[in-house]
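Asker: Questions regarding the structure given below will be posed in turn.
Bear in mind that the values in this text are calculations on the coordinates, not laboratory data. As the structure is a computational prediction, the values presented were derived from the model and not from experiment. Cβ placement follows ideal geometry from the backbone for every residue including glycine, while neighbour counts extend to all protein chains displayed.
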Amino acid sequence: MTAAEEQDIRIARFLAGEAGPEEAMQLADWAAENAERGAELEEAKRVFALDLAPDPARTWQQIERAIKPRPLRRMLWPFAAAAVILLVLCFGWWLNQSRPVQPSPVVYTSGPASKKIDLPDGSTAQLMAGSRLTLIGQGRYRFSGSAEFTIRHQAKDPVRIDMEQLSIKDLGTRFSVNTSADQDTICIAVQEGKVLLNASQRASLILKAGEKALYTRSARRLERYAPPTVASKQIQAVPIKATPAKRSRKDSDTIIKPIAPVPAKTTIIKPVKPDTNRIKPIH
Amino acid sequence: MDVRAFESFFHRYHHEVATYALTLVKDSEEGADVVQQAFVKLWQQRQQVDLVKVGRAYLYKTVYHLSLDVIKHRDVRQRYAMAIASTGGEEQGDDIMEERLEKMHVAVQQLPEQCRRVFLLSRVDHKKYREIASELQIAEKTVENHMGNALKILRKILNPKP
């Protein structure tokens, strides 16, 4: 077999698609050695009816489109999108973390008669007719109407009952809440333990066992209450830091017994101001 | 390496790589796709691949593997359509091509019988040497020789040297 014949076999192999990358490179090297060989390969391609090579300019255009660095703004888009998604996820996670138990509000209503309700935290509430208690979160209630509460106290997580304009925070307690028929007056009476009352941010009051307080919605006034038969004193809404007990002791001149069954407790108060009697006791 | 440098690299090797791709996929559209993909891959690897030293070898290898993928995923119908296109030449419309195909057809008739059979199985049916060998029950080496011989004879018939 002559060298020319061997070369033809090699070219035929290449053109028939039998050559691996190494072999193909060698043949290209061979053809690149001089113009004559190059022409010989081109001729063989025609003889073998090999398709025409694609137009390099067109191919380059497509390559260029694929590799050209894109404008910065377009490149930043995916990052911006990713950042937004991450933020949303983090926020969602944070919400979940910060409020691990966030049940949808549970509404308790009494219906036409009074009704005893066992609350999830172990507390109970005797709801009077037409009252409505809504559990809005762990230990958080919204309430309207009248009821007797027996709160299972948890020092870490005191129960808070929000009424319109007034909030009652339990400090270990059995107490009752009564709302007057015209909805204007709320009477809170503590039977056991104590509660913290908050009417707006400025007026607060700590009620101990046997004590009562009145809140007047129209006047936005929170006051300690003693039955008019004995004496009563209007206590101005005081900043939360000032303890009402201390103050009343200081300028005290009358000693009265509280109306509640708890006997030991005494409160020293001033005589009642006339306008206090405007409020009709409801309890 | 910047885009300009890469462009000159492309123009330097496009022809030989495109030819190689054509021998493998036997279709200019698919060949162009393969070549394009190979260059884009090389560009993406430019930090790892020293273009001057191994860029060309990388291209050949990539073209080879991409072409094998193309062939593997080609279905029978496609192959059939391609065989018709490459023999009939109806799609390739222009007169020069038709004339050449006519000449080619005449020339192929002049090949020795077994040589012609091998040539047509390879060029028209796009069969691998291995497949032709088993189909005709001859050695692969014999297929090689037939193909080399066909090249020699056809070249003489189609381009008679003065």
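Asker: Report the label-to-label distance for residue B:159 and residue B:114 in nanometres (one decimal), using points 7 Å from each Cα along the Cα→Cβ vector.
Answerer: Taking the simple label geometry, residue B:159 and residue B:114 are separated by 2.9 nm.
Asker: Run the numbers for residue A:85 and residue A:37: contour at 0.36 nm per residue of separation, minus the present Cα-Cα distance, in nm.
Answerer: Stretched out fully, the residue A:85 to residue A:37 stretch lengthens by 11.2 nm.
Asker: Students often get this wrong, so check it: of B:41/B:103; A:68/B:128; B:61/B:103; A:45/B:61; B:72/B:103; B:41/B:156, which have C-alpha atoms separated by over 29 Å?
Answerer: Numbers: B:41/B:103 40 Å; A:68/B:128 38 Å; B:61/B:103 35 Å; A:45/B:61 21 Å; B:72/B:103 32 Å; B:41/B:156 41 Å.
From the list (B:41/B:103; A:68/B:128; B:61/B:103; A:45/B:61; B:72/B:103; B:41/B:156), the Cα-Cα distance tops 29 Å for B:41/B:103; A:68/B:128; B:61/B:103; B:72/B:103; B:41/B:156.
Asker: Under the rule of at least 5 residues apart or a separate chain, name every residue whose amide H is placed under 5 Å from the amide H of residue A:225.
Answerer: A:212, A:213, A:214
Asker: Here is a further query. Which aspartates and glutamates have a Cα lying under 13 Å from the Cα of residue A:208, excluding residues fewer than 8 positions away in the same chain?
Answerer: Correct list for residue A:208: A:170, A:192.
Asker: Any idea how far the Cα center of the range B:117-159 sits from the one of the range A:143-169, in Å?
Answerer: The two parts, judged by their Cα centres, are 97 Å apart.
Asker: Then there's this: Hey, could you get me the Stokes-Einstein D for the range B:6-74, Kirkwood radius over alpha-carbon pairs, 10 °C and 1.306 mPa s, rounded to whole µm² s⁻¹? Numbers along the way, then the final one.
Answerer: Numbers: Rh = 11.9 Å.
Translational diffusion coefficient: 134 µm²/s.
Asker: Still on this structure, I have one more. Taking a quarter of the surface of the Cα convex hull of the range A:16-64, what do you get in nm²?
Answerer: Computing the convex hull of the Cα atoms and averaging its projections yields 4.4 nm².
Asker: Something else now. Tabulate in residue order the Karplus-calculated ³J(HN,Hα) for the range B:31-39, using 6.51 cos²θ - 1.76 cosθ + 1.60 with θ = phi - 60°, rounded to whole Hz; enter x for Gly and Pro.
Answerer: x, 4, 4, 4, 4, 4, 4, 5, 5
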